[in-house]
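**Q** Below you will find the structure I want to go over with you.
The values are calculated or read from the model by the stated rules, or taken from the named source; none is laboratory data. Worth saying up front: this structure is predicted, and the values here are computed from it rather than measured. Cβ: placed from backbone, ideal geometry, glycine included. Neighbour counts: every protein chain shown.
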Amino acid sequence: MSDKFLVIGEAKDGALRNVTFEAIAAAKQIDENSEVVGVLCGSENLEEQGQQMIQYGADRVVTVLHDNLETYTSEGYSQAVLAVVEEENPKGIVMGHTAIGKDVTPILASKLESGLVSDAVEIEKDGDKIVFTRPIYSGKAFEKKVIKDGLVFATIRPNNIAMPEKDESRSGDVSEKEVDVKDLRTVIKEVIRKQSDGVDMTEANVVIAGGRGVRGPEGFEPLYELAELLGGAVGASRGACDAEYCDYSLQIGQTGKVVTPDLYIAVGVSGAIQHLAGMSNSKVIVAINKDEDANIFNVADYGLVGDLFDIIPILIEEIKKIKAAS
């Protein structure tokens, strides 16, 4: 094995996700002396995104371009990444624990006959050992993992490893590797996306989540206003999604998205254990609920007992005043 770490980048709507840069920082934490090689897959020129990875700490970047990589498929991406792994023979691989990361990394680990530490939230050094911390039991406990031999392969939870500083003076080589991505059993013919504006929820520093207590789709409107004022994103509990107050793409929880923002505001959320699994590791949790016995208050740092339809408008007005005065 060489002294290289591959960081598999991930883009959304052409822009690299923050977790890509966090993965670079994680690779540096694991071994600061290793060469960090970025890997990007797609169907069009990725020079700009490659240089961006270098500005955030990668030493160089390898891109794989193919028509079959226009839209993510596990087969296509695994073929492309495995070809790069075979050529680079890295000491380790790091990727974000995103929907794509959770899907493709087990396939890669199986093909490489390697172990995989998934959903790491912290990386520490204990002498010569690298210790990964990851949540278990729906976030109620944590375990520490040490890779004793072989490839160091890990995915990191977004918004947990500090992003490196961007250095626009850095530049490096962005090379293209030819890979014949073929024999795909799954071919994406068309992608229809729901309109999604604003900050990506899994990487947002502030998340406003609505539950059944918002009483309907119109109850989410002030949450969007509050999120926009705070530069955050809106999420929801499973109950709100089941009640058709919002789309399932907003669901946070065991069967939804996992978020770890600096500030999580739960509005009308009861706090079912499945929901807590997706947000309990947030740095600061604020709960707003008129039921003082709601389970959400057991994990909240701050709680407001009262009608959300009274409290949210007051919060919005106070934040507007602060912004106007600053």
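Yes/no per residue for (1) touching a residue at least 40 places away in the same chain (Cβ under 8 Å); (2) part of a loop (DSSP other than H, G, I, E, B); (3) in contact with a His (Cβ under 9 Å, 6 or more places away or on another chain):
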| site | (1), (2), (3) |
| --- | --- |
| 241 | no, no, no |
| 246 | no, yes, no |
| 266 | yes, no, yes |
| 279 | yes, yes, no |
| 286 | no, no, no |
| 292 | no, yes, no |
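**Q** Looking at region 195-213, can you tell me whether even one residue there is in contact with a strand residue (DSSP E or B) (Cβ under 9 Å, 6 or more places away or on another chain), farther than 15 Å from residue 261 by Cβ, of a type in the set (A, V, I, L, M) and surrounded by 19 or more Cβ atoms within 10 Å (Cβ to Cβ)?
**A** no
**Q** Does residue 324 meet the test of being farther than 18 Å from residue 223 by Cβ and in a helix (DSSP H, G or I)?
**A** On the way: farther than 18 Å from residue 223 by Cβ: yes; in a helix (DSSP H, G or I): yes.
Taking the combined requirement at face value, the residue satisfies it.
**Q** Taking region 105-152, which residues are of a type outside the set (Val, Ile, Thr), closer than 16 Å to residue 23 by Cβ and either assigned to a loop (DSSP other than H, G, I, E, B) or outside the structural domain of residue 31 (by TED's automatic domain parsing) (or both)?
**A** 116, 151
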